[in-house]
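In what follows, a structure is listed as structure tokens, so that the remarks can point back to it.
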């Protein structure tokens, strides 16, 4: 889920279309995010929470690299999509002195390769002998993402003949949906939280070499100085927490025909007032 380079800085500035001064203006908040299902849910819930406090919130979709850079350069005030300790490790290592890491907002996250439960194999080691059953390919997401980097390493470490197919969250899910409907073998790059696990019966392939690491957390990151410039927004960001069940339930709602992620986020906030109120304490 992470881009390989940091040349996206210029793109970030262009897409944000705001100077750091505007990001710091009282009563306004610029929220950077990546267009992954989980990040869309968390970012819209945070946006709704801040708006209910009177903030004008601008959400800006960026690549993972540009998202980190936007926080480091103060072109955005915060984000809630930092996967650590492994997936976004390179970004954090490069920028840790320029951002404020506030800690996990979702615990128990995970990345790896997943297959439908009707598929006989159960581990990465099994895949080599059955590669042709899967067309010698693994369906991936956006090129350069941290999950894709780990997948390239997995192919090498396990000596697999698989080709890693680049795409997006949407294209990966589309391929999975089609294969599942036909009960055909398929391997996809996957992560938790993701609504696909609540929609289809799926299983991660075990990873004895630990190429994909262990449990991860999704973290909140703020621009440096936000704590002094806007203590109220900083407090909400620091206290912002969701459970895997919270996030995946909203993700499933977002996949229903005609669903609006802004409205599903508002509905969640409305029905979880006690939890949301705790973020401001």
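The values are calculated or read from the model by the stated rules, or taken from the named source; none is laboratory data. Computed from a predicted model, the values in this text were never measured in an experiment. Cβ placement follows ideal geometry from the backbone for every residue including glycine, while neighbour counts extend to all protein chains displayed.
Listed values, structure above:
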item	result
Checking residue 135 against (1) buried (at least 17 other Cβ atoms within 10 Å of the Cβ); (2) farther than 17 Å from residue 195 by Cβ, the condition it does not meet	(1)
Segment 132-167, residues that are touching a residue at least 60 places away in the same chain (Cβ under 8 Å) and either part of a loop (DSSP other than H, G, I, E, B) or in the same structural domain as residue 85 (by TED's automatic domain parsing) (or both)	141, 142, 144, 145
Test result for residue 76, crowded, with 22+ Cβ neighbours inside 10 Å and in contact with a strand residue (DSSP E or B) (Cβ under 9 Å, 6 or more places away or on another chain)	yes
Residue check for residue 100: touching a residue at least 24 places away in the same chain (Cβ under 8 Å), within 16 Å of residue 203 (Cα to Cα) and more than 18 Å from the chain's Cα centre (by Cα)	no
Residue among 41, 21 that alone is out of contact with any strand residue (DSSP E or B) (no Cβ under 8 Å at 6 or more places or on another chain), modelled with pLDDT of 95 or more and not assigned by TED's automatic domain parsing to the domain that holds residue 168	41
Unmet requirement for residue 1, which otherwise passes all of (1) crowded, with 17+ Cβ neighbours inside 10 Å; (2) modelled with pLDDT of 50 or more; (3) under 30 Å from residue 174 (Cα atoms)	(2)
Entirely in segment 173-266, the strands (runs of 3 or more DSSP E) that have 3 or more residues that are under 21 Å from the mean Cα position of the chain (by Cα), buried (at least 22 other Cβ atoms within 10 Å of the Cβ) and at negative phi	188-192, 216-223
Matching residues in segment 124-157 - criterion: being at pLDDT below 95 and touching a strand residue (DSSP E or B) at 6+ places or on another chain (Cβ under 7 Å)	141, 146, 147, 148, 150
Residue count, segment 40-71 (criterion: part of a helix (DSSP H, G or I) and without any contact (Cβ under 8 Å) to a residue 60 or more places away in the chain)	4
